[in-house]
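Inspection log for the structure reproduced underneath, given as structure tokens.
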Amino acid sequence: MASPTPAPCPPKGQALLEAMRRHLFSSQAKSASLATIHDHYVCLSLAVRDILLTSWVDTADTYTSQHVRTATYMSAEFLLGPHLENNLVSLGLREEAAAACEALGLTLEEMLAEEPEPGLGNGGLGRLAACFQESMATLELPAIGYGIRYEFGIFRQQIGPNGQMESTDPWLARGNPWEVIRPEWSYPVLIGGQTVIGVAYDTPILGYGVHTANTLRLWSAQAPDAFDFASFNAGDYTRAVLHKVQSETLSKVLYPNDELEQGKRLRLSQQIFFVSCSLQDMFRILGSQGIPVTEFHRKFAVQLNDTHPAIAVAELMRLLIDVHGVDWDTAWSITTATISYTNHTLLPEALEAWGLELFQQLLPRQLQIIFEINARFLRTLRIRFPGQPELLERLSLIEEGPHRKVRMAHLAVVGSHTVNGVAELHSRLLKENLFADFARVWPDRFTNITNGVTPRRWLAVANPPLAALLNDAIGTDWCRHLDQLRKLEPLATDAGFLERWQGVREQAKERLAATIRQDTGVLVDPSSLFDVQVKRIHEYKRQHMAALQVVERYLRLRAGEDLPPRTVIFGGKAAPGYAMAKLIIRLIVGMAEIINIDPAMDGRLRVIFLPNFSVKLGQKIYPAVDLSEQISTAGMEASGTGNMKMSLNGALTIGTLDGANIEIRERVGDDNFFLFGHTAEQLAAINRNGYHPMPWLENDALAKEAIDLIGSGHFSEGDRDLFHPLLANLCSSDPFRVMADLGDYRRAQNEVDSAWCDAGRWSMMSVLNTARCGFFSSDRSIQEYADRIWKVAPVPVNACSVIPSPS
Ligand code: B1N
């Protein structure tokens, strides 16, 4: 039979365009004459959602009918970033969307700019959770992400002459086309004698180039319908409504602290709230598939993203014993076979320990269970390590003293089958320091899984010109198999390729220069070296050391030295209560104000503080970085992931032997990395002898001059007191060893300057950074979690949806 003549191909983007028009009418209830840009954004998102729904529905269907083993990732933070462009790239529809927008007289860029970012995280930990969700979907692993649907995400940062100002982030104010409420999946949680209801909101997480769309399930707090009947009946209507308001504050706001636990009652309530809802949801799934509760650990692998969900150990025990009638020993085997825990920090101020009183008030039954776990744990220890009460005291789940506390990290270690750190050095230090006693008790429990980042968002979405060049040069496989970037290596010496590489980098820098102009009003030269440090502001990350280096540069340039032009770019939020971090921002802002108007700095030095660093802004910054500043005090940055995003996009790193920097350097080669500073071991030795910054400072005339200039009020309109707390701290205790590393940092920066002057060599090093960074894909991290910790296998999803796709 002759094949029918194919129908004429509709113009590109036609189906999306029609869907957008349909949604303008049926979802936004408007005609074109009244439609705002935001309406069009919503329509495009809904049109894309219609398409991805088939994957989502088919995936849920497949997982349900095949009774698959499932990984669940519990995290108090998911720093997702905008969905629209990521989903377009996953579906291979970016060009269609651009065409559809154009047909409506719009641009895709305008649409993307309209999307408010779900900022449901602080920094690296939350962003890691988001990269992991995407990789699990791409690897076709059955997985659910569980967290909190904060009504207000991380605060918005504005920068004024006095530094950081915060305002709220009402990201849901205009609705959210990417979520679906599931009121049928709601669970009660008893906190402090009051019941709060958690309602599920689901967001699809698309895999790239597969038919899988996993679910991120976030819980929103609601008062029970039958709220406070007692007061209601007594006629105290207002009090009843007040209770309702109180329960709903539970999911109101994300705590804006990164690596600082303040021990707030609301925070502990948030933790039990989302953990209990998630576990109850897992029991519901188990029941719906007719699986007995004693098989919980065969159905689910539960990963705790830091200790924030560590209460899961006690809550799973409670649900098994109190609700499902399982005996203690069976419940304990199930719990420890189910749970595993990732540690993300060694900083003592980040280690959660809840006062017993607060715990008793809010979670009396869970506390009782924790005491029982502890009693049994200490009993086994007493037998294994007789006559060592200090060891038992150090290992106990309860910190003794006048204010007894529950140590959440200990609860997580005892209740898990596997504990991992997030980079090799970090995992080693965990075993040697924080968990040294536990490593003696259970040496095999501890392991490393080095972090990674998703190449879809951080390369394909963030850097389309680079993605296109890669596709052209080495094919398109890199996006799913990032190791393929290795194929670039021979091109690192190919003059034609290097020229195209340079072109791609210039485009990214021009794009960032435009953003800088828009957000700060400052004009920067895209041909200058872009020297970038973007991350949370924290003393251990040493933004103040980078700032000192800039002041030194300013002094050298003023003294007539000839240095290649640089644009030094900072960005990042400070926790609102962290005075020293805010003062560091104030210093950078003050420096920028003076330096950027000094005619002697024209064409030589610019200093920028980009306000409101976010995923969205990161997508513009990372592709444009020449020099990636990764300068934390060795031993303090657990991993870092910004370091990976920059290197992957062709930046060279100046960095210490800390976190994943070590592994990046190992892979890109020491010729292609600017190393400086003391190692963690050297610093430990220095500390043993008693560290003081003064001897370092006294031998360093340039550093002294820089500190004096800051102290003179040069960057604070004559105010000599403003930066005193910062400078006094640096010169007296210097807890983060800035002075010990400053000289070597300067030496490495000088090497950067000379390397930059050889443009050809710099480009080659840049290519080699990208070529050798494939290891840092979150696909590789997740493959390791799946194989070594979760024992979860891929389950391919076929298109079988009964719902016809709109095209
Ligand atoms: O987790 C990231 C790492 O790459 C970073 O090095 C590490 O600093 C970061 C309490 C934290 N560790 N701990 C936190 C965040 C919020 C909070 O309330 C602790 N964040 C990290 C991913 O592994």
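The values are calculated or read from the model by the stated rules, or taken from the named source; none is laboratory data. Bear in mind that the values here come from a model prediction, so they are computed numbers and not experimental data. Reconstructed Cβ throughout: ideal geometry from the backbone, glycine too, with neighbour counts over all protein chains shown. Only protein heavy atoms, including side chains, enter the accessible area calculation; ligands, DNA and RNA are left aside. Shrake-Rupley method; radii C 1.70, N 1.55, O 1.52, S 1.80 Å.
Looking at residue 372, is it closer than 26 Å to residue 446 by Cα and within 16 Å of the ligand (Cβ to nearest atom)? Before the answer, list the steps.
Numbers: closer than 26 Å to residue 446 by Cα: yes; within 16 Å of the ligand (Cβ to nearest atom): no.
No.
Looking at region 663-678 only, could you name the residues that are part of a loop (DSSP other than H, G, I, E, B) and open to solvent by 30 Å² or more (accessible area, probe 1.4 Å)? Give the steps one after another, and end with the answer.
Taking region 663-678 first, the residues part of a loop (DSSP other than H, G, I, E, B) are 669, 676-678.
Scanning region 663-678 gives a single hit, 678.
Determine the pairs where a residue that is β-branched (Val, Ile, Thr), located within region 105-116, has a partner that is modelled with pLDDT of 95 or more with Cβ atoms under 7 Å apart, the partner being 6 or more residues away or on another chain.
Close Cβ pairs (under 7 Å, with a partner that is modelled with pLDDT of 95 or more) amount to 107/101.
Kindly evaluate residue 603 against the criterion of being surrounded by fewer than 19 Cβ atoms within 10 Å (Cβ to Cβ) and of a type in the set (Gly, Ala, Ser). Break it down into steps so the answer makes sense when it comes.
Details: surrounded by fewer than 19 Cβ atoms within 10 Å (Cβ to Cβ): yes; of a type in the set (Gly, Ala, Ser): yes.
For residue 603, the condition - surrounded by fewer than 19 Cβ atoms within 10 Å (Cβ to Cβ) and of a type in the set (Gly, Ala, Ser) - is met.
Of all residues in region 693-707, which are of a type outside the set (D, E, K, R) and exposed (fewer than 15 other Cβ atoms within 10 Å of the Cβ)?
694, 695, 699, 701
Here is a yes/no grid of residues against (1) more than 24 Å from residue 623 (Cα to Cα); (2) buried (at least 18 other Cβ atoms within 10 Å of the Cβ); (3) away from the ligand (no atom under 16 Å from the Cβ); (4) not hydrophobic (A, V, I, L, M, F, W, C):
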{"residue": "393", "(1), (2), (3), (4)": "yes, no, yes, yes"}
{"residue": "402", "(1), (2), (3), (4)": "yes, no, yes, yes"}
{"residue": "407", "(1), (2), (3), (4)": "yes, yes, no, yes"}
{"residue": "412", "(1), (2), (3), (4)": "yes, yes, no, no"}
{"residue": "416", "(1), (2), (3), (4)": "yes, yes, yes, yes"}
{"residue": "449", "(1), (2), (3), (4)": "yes, yes, no, no"}
{"residue": "464", "(1), (2), (3), (4)": "no, no, yes, yes"}
{"residue": "476", "(1), (2), (3), (4)": "no, no, yes, yes"}
{"residue": "495", "(1), (2), (3), (4)": "no, no, yes, no"}
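Do any residues in region 259-286 that are farther than 16 Å from residue 307 by Cα have Cβ atoms under 6 Å from those of residues that are assigned to a helix (DSSP H, G or I) and modelled with pLDDT under 95, where the two are at least six apart or on different chains, and which pairs are they?
Sorted first by the residue in region 259-286, then by its partner, the list stays empty.
Kindly evaluate residue 371 against the criterion of being in the same structural domain as residue 190 (by TED's automatic domain parsing), under 18 Å from residue 271 (Cβ atoms) and of a type in the set (Phe, Trp, Tyr). Before the answer, list the steps.
Details: in the same structural domain as residue 190 (by TED's automatic domain parsing): yes; under 18 Å from residue 271 (Cβ atoms): no; of a type in the set (Phe, Trp, Tyr): yes.
Against the criterion (in the same structural domain as residue 190 (by TED's automatic domain parsing), under 18 Å from residue 271 (Cβ atoms) and of a type in the set (Phe, Trp, Tyr)), residue 371 does not qualify.
I want to confirm something. Restricting to region 39-69 and keeping residues that are of a type in the set (D, E, K, R) and more than 14 Å from residue 202 (Cβ to Cβ), which single residue is surrounded by the fewest Cβ atoms within 10 Å (Cβ to Cβ)? Please lay out each step first, then the result.
Filtering region 39-69 down to residues of a type in the set (D, E, K, R) leaves 39, 49-50, 58, 61, 69.
Then keep just the ones that are more than 14 Å from residue 202 (Cβ to Cβ); that gives 39, 50, 58, 61, 69.
Working: 39: 20, 50: 18, 58: 20, 61: 15, 69: 18.
Going through the qualifying residues, I end up with 61.
Can you pull out the residues in region 323-359 that are free of Cβ contacts under 8 Å to residues at least 60 places away in the same chain, within 16 Å of the ligand (Cβ to nearest atom) and buried (at least 17 other Cβ atoms within 10 Å of the Cβ)?
Within region 323-359, none qualify.
Name the one entry in 76, 60 that is in a helix (DSSP H, G or I) and modelled with pLDDT of 95 or more. It would help to see each step written out before you state the result.
Details: 76 fails: in a helix (DSSP H, G or I).
Just one listed residue meets the conditions, 60.
Looking at residue 660 and the list (1) open to solvent by 10 Å² or more (accessible area, probe 1.4 Å); (2) among the aliphatic types (A, V, I, L, M); (3) within 12 Å of the ligand (Cβ to nearest atom), which single condition is not satisfied?
Every listed condition holds for residue 660 apart from (1).
Name the one entry in 293, 275 that is assigned by TED's automatic domain parsing to the domain that holds residue 195, among the hydrophobic types (A, V, I, L, M, F, W, C), within 16 Å of the ligand (Cβ to nearest atom) and surrounded by 18 or more Cβ atoms within 10 Å (Cβ to Cβ). Spell out how you get there, then give the answer.
Working: 293 fails: within 16 Å of the ligand (Cβ to nearest atom).
Within the list 293, 275, the selection yields 275.
Looking only at strands (runs of 3 or more DSSP E) that lie completely in region 176-262, which have at least 1 residues being within 16 Å of the ligand (Cβ to nearest atom)? I'd like the intermediate steps shown before the answer.
Working: elements: 180-191, 194-206, 213-222.
So the answer is none; nothing clears 1.
Do the conditions hold for residue 269, that is, is it modelled with pLDDT of 95 or more and either closer than 22 Å to residue 185 by Cα or more than 16 Å from the ligand (Cβ to nearest atom) (or both)? Spell out the reasoning first.
Values: modelled with pLDDT of 95 or more: yes; either closer than 22 Å to residue 185 by Cα or more than 16 Å from the ligand (Cβ to nearest atom) (or both): yes.
When the stated conditions are applied, residue 269 passes them.
Matching residues to (1) touching a helix residue (DSSP H, G or I) at 6+ places or on another chain (Cβ under 9 Å); (2) under 16 Å from residue 573 (Cβ atoms); (3) open to solvent by 10 Å² or more (accessible area, probe 1.4 Å); (4) within 14 Å of the ligand (Cβ to nearest atom):
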position: 619; (1), (2), (3), (4): yes, no, yes, no
position: 624; (1), (2), (3), (4): yes, no, no, no
position: 633; (1), (2), (3), (4): yes, no, no, yes
position: 642; (1), (2), (3), (4): yes, yes, yes, yes
position: 651; (1), (2), (3), (4): yes, no, no, no
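Take the conditions part of a helix (DSSP H, G or I), within 21 Å of residue 488 (Cα to Cα) and open to solvent by less than 30 Å² (accessible area, probe 1.4 Å) and apply them to residue 753. Does it pass?
So residue 753 does not fit the description; no.
As an exercise: evaluate residue 302 against (1) surrounded by fewer than 21 Cβ atoms within 10 Å (Cβ to Cβ); (2) more than 26 Å from residue 156 (Cα to Cα); (3) touching a strand residue (DSSP E or B) at 6+ places or on another chain (Cβ under 9 Å) and give the number of the one condition it does not meet.
(1)
Say whether the condition of being more than 16 Å from the ligand (Cβ to nearest atom), at pLDDT 95 or above, acidic (Asp, Glu) and open to solvent by 10 Å² or more (accessible area, probe 1.4 Å) is met by at least one residue in region 432-440. Talk me through it step by step, then tell me what you get.
Applying the first criterion (more than 16 Å from the ligand (Cβ to nearest atom)) to region 432-440 yields 432, 436-440.
Filter once more, so that each one left must be at pLDDT 95 or above: 432, 436-440.
From the residues that got through so far, the ones that are acidic (Asp, Glu) too are 432, 437.
Those still in the list that are open to solvent by 10 Å² or more (accessible area, probe 1.4 Å) too: 432, 437.
Checked region 432-440: at least one residue is more than 16 Å from the ligand (Cβ to nearest atom), at pLDDT 95 or above, acidic (Asp, Glu) and open to solvent by 10 Å² or more (accessible area, probe 1.4 Å).
Specify the residue that is farthest from residue 175 (Cα to Cα); the eligible residues are those in region 116-132 that are more than 9 Å from the ligand (Cβ to nearest atom) and crowded, with 24+ Cβ neighbours inside 10 Å.
We begin by selecting, within region 116-132, every residue more than 9 Å from the ligand (Cβ to nearest atom); these are 116-120, 130-132.
Within this subset, residues satisfying the condition of being crowded, with 24+ Cβ neighbours inside 10 Å are 118-120, 130-132.
Details: 118: 12, 119: 15, 120: 16, 130: 21, 131: 24, 132: 26 Å.
By that ranking, first place goes to 132.
Please verify whether region 219-232 includes one or more residues that are at pLDDT 95 or above, open to solvent by 50 Å² or more (accessible area, probe 1.4 Å) and either polar (S, T, N, Q) or touching a Lys or Arg at 6+ places or on another chain (Cβ under 6 Å) (or both).
From region 219-232, those at pLDDT 95 or above are 219-222; that's our starting set.
The next check asks that each one be open to solvent by 50 Å² or more (accessible area, probe 1.4 Å); those that pass are 222.
Filter once more, keeping what is either polar (S, T, N, Q) or touching a Lys or Arg at 6+ places or on another chain (Cβ under 6 Å) (or both): 222.
Looking through region 219-232, at least one residue is at pLDDT 95 or above, open to solvent by 50 Å² or more (accessible area, probe 1.4 Å) and either polar (S, T, N, Q) or touching a Lys or Arg at 6+ places or on another chain (Cβ under 6 Å) (or both).
Return the pairs, sorted by first residue and then second, in which the second residue is open to solvent by 20 Å² or more (accessible area, probe 1.4 Å), the first residue lies in region 692-717 and is among the polar types (S, T, N, Q), the beta carbons are less than 9 Å apart, and the residues are 6+ apart or on different chains.
Going by the 9 Å Cβ cut-off, the qualifying pairs are 699/743; 712/718; 712/720; 716/586; 716/722.
Any idea how many residues of region 146-163 are open to solvent by less than 50 Å² (accessible area, probe 1.4 Å) and assigned to a loop (DSSP other than H, G, I, E, B)?
Count: 5.
Could you say which residue among 205, 197 is touching a strand residue (DSSP E or B) at 6+ places or on another chain (Cβ under 6 Å), free of Cβ contacts under 8 Å to residues at least 60 places away in the same chain and surrounded by 14 or more Cβ atoms within 10 Å (Cβ to Cβ)?
Working: 205 fails: free of Cβ contacts under 8 Å to residues at least 60 places away in the same chain.
Testing whether each residue is touching a strand residue (DSSP E or B) at 6+ places or on another chain (Cβ under 6 Å), free of Cβ contacts under 8 Å to residues at least 60 places away in the same chain and surrounded by 14 or more Cβ atoms within 10 Å (Cβ to Cβ) leaves just 197.
Here is a yes/no grid of residues against (1) more than 30 Å from residue 350 (Cβ to Cβ); (2) surrounded by fewer than 21 Cβ atoms within 10 Å (Cβ to Cβ); (3) within 23 Å of the chain's Cα centre (by Cα):
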{"position": "506", "(1), (2), (3)": "yes, yes, no"}
{"position": "517", "(1), (2), (3)": "yes, yes, no"}
{"position": "530", "(1), (2), (3)": "yes, no, no"}
{"position": "545", "(1), (2), (3)": "no, no, no"}
{"position": "548", "(1), (2), (3)": "no, no, no"}
{"position": "569", "(1), (2), (3)": "no, no, yes"}
